[in-house]
Amino acid sequence: MSNEILYILLPDYAAHEAVYLSQAIASDDFSMKENPKYVNKVVAPTMGPVKSIGGFSTVPDYSFDSMPDDYAALVLIGGFGWSAPDADKVCPIVRKAIESGKTVGAICNAASWMARHGFLNAVRHTGNGLEQLRLWGGENYTNTGGYIHAQVVSDNNIVTANGSATLEFARELLLLLENDTPERIEMYYQFNKQGFCNLFPK
């Protein structure tokens with residue numbers, strides 16, 4: 001299995017939602033990892049730069065047409081692009097990933113998009129509230145009973161989170177991917193959640 005983690009970025013993506021996960025994949029407490037278990041790669045509709053909500057431009061490693069079939073995980077980063085036509089092109093990518101048993105993460109509007117295409121109908125899940133999932137999902141979203149009002153939910157290799165749960169999203173994916181020991185993953189989570197001064201009082 002390839003060790004690449006593929007982050008799908010659509011125009012007007014929410015850059016902060018990829019930060020904690022990608023940082024933990026690529027670095028440790030001290031510096032960049034010499035031999036990381038996984039490698040971060042960006043996938044976008046084309047090979048042209050894709051701009052975030054905040055105006056940062058990211059040059060993708062792959063387009064939808066050139067992305068590999070073999071990879072470790074697929075991560076759908078939220079933002080406003082999930083309601084645009086380009087988002088529909090992600091459907092076969094996600095369907096194939098789920099059918100192959102790969103780890104799939106979706107945060108914020110990407111989780112709502114998952115509901116729209118029926119990808120949450122067989123798993124426990126969360127997102128930006130049940131009402132948004134119903135609104136986006138319409139008749140294709142048939143699993144309201146599987147909704148859990150939580151920051152993040154992981155079930156059957158699918159991780160969903162609301163837009164304020166960037167850290168929780170990262171933790172669940174890091175655990176699923178066994179990126180480090182559970183203890184070190186929890187330490188990373190607590191350090192960023194509580195902050196240096198709370199963890200190490202004067």
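Based on Cα contacts under 8 Å between residues 6+ apart, segment 4-199 shows a relative contact order of 19 percent. The residues neighbouring I77, those whose beta-carbon lies less than 12 Å from its own, together hold a net charge of -2 under the Lys/Arg +1, Asp/Glu -1 convention.
Each of F169, Y147, Y13 was scored by the projection of its Cα onto the charge dipole of the chain, and the greatest displacement toward the positive side belongs to Y147; charges sit on the C-beta of Lys, Arg, Asp and Glu.
Here K89 is the anchor, and the aspartates and glutamates within straight C-alpha reach of less than 12 Å, apart from those fewer than 8 places off in the same chain, are D65. Evaluated with a Cβ-only charge set (Lys, Arg +1; Asp, Glu -1), segment 66-152 carries a dipole of roughly 140 debye about its Cα centre, given to the nearest 20. For segment 77-202, the convex hull drawn through the C-alpha positions has a volume of 110 cubic angstrom per residue.
Loop-located trypsin sites (Lys or Arg not before Pro) in segment 34-68 (DSSP state not H, G, I, E or B) with no more than 15 neighbouring Cβ atoms inside 10 Å: K37. With one equal scatterer per alpha carbon and no solvent term, the Debye-computed log10 I(q)/I(0) for segment 1-151 at 0.17 1/Å reads -0.99. Of interest is the spacing of the C-alpha centroids, which for segment 167-198 and segment 48-69 amounts to 26 Å. The GluC sites (Glu not before Pro) of segment 1-81 that DSSP puts in a loop, and whose beta carbon has at most 12 other beta carbons within 10 Å, are E34.
Taking other residues whose beta carbon is less than 11 angstrom from the beta carbon of I158, and scoring Lys, Arg as +1 and Asp, Glu as -1, yields 0. Straight-distance candidates among the aspartates and glutamates for linking to K33, with alpha-carbon spacing under 17 Å and chain neighbours fewer than 8 residues away dropped: E4, E178, D180. Summarising the amide proton neighbourhood of I77: residues at separation of 5 or more, or on other chains, whose placed amide H is nearer than 5 Å comprise I8.
Here K202 is the anchor, and the lysines within straight C-alpha reach of less than 25 Å, apart from those fewer than 8 places off in the same chain, are K193. The slack in the chain from N121 to Q190, taken as 0.36 nm per residue of separation less the alpha-carbon distance, amounts to 21.7 nm. Largest GNM mean-square fluctuation among T166, T142, T103, using the chain with Cα springs under 10 Å: T142.
Read the figures in this text as sums done on the coordinates, not as results from a lab. Note that the structure is predicted; figures quoted are calculated from it, not measured. No Cβ is skipped: glycine too gets one built from the backbone with ideal geometry, and neighbour counts run over all protein chains shown.
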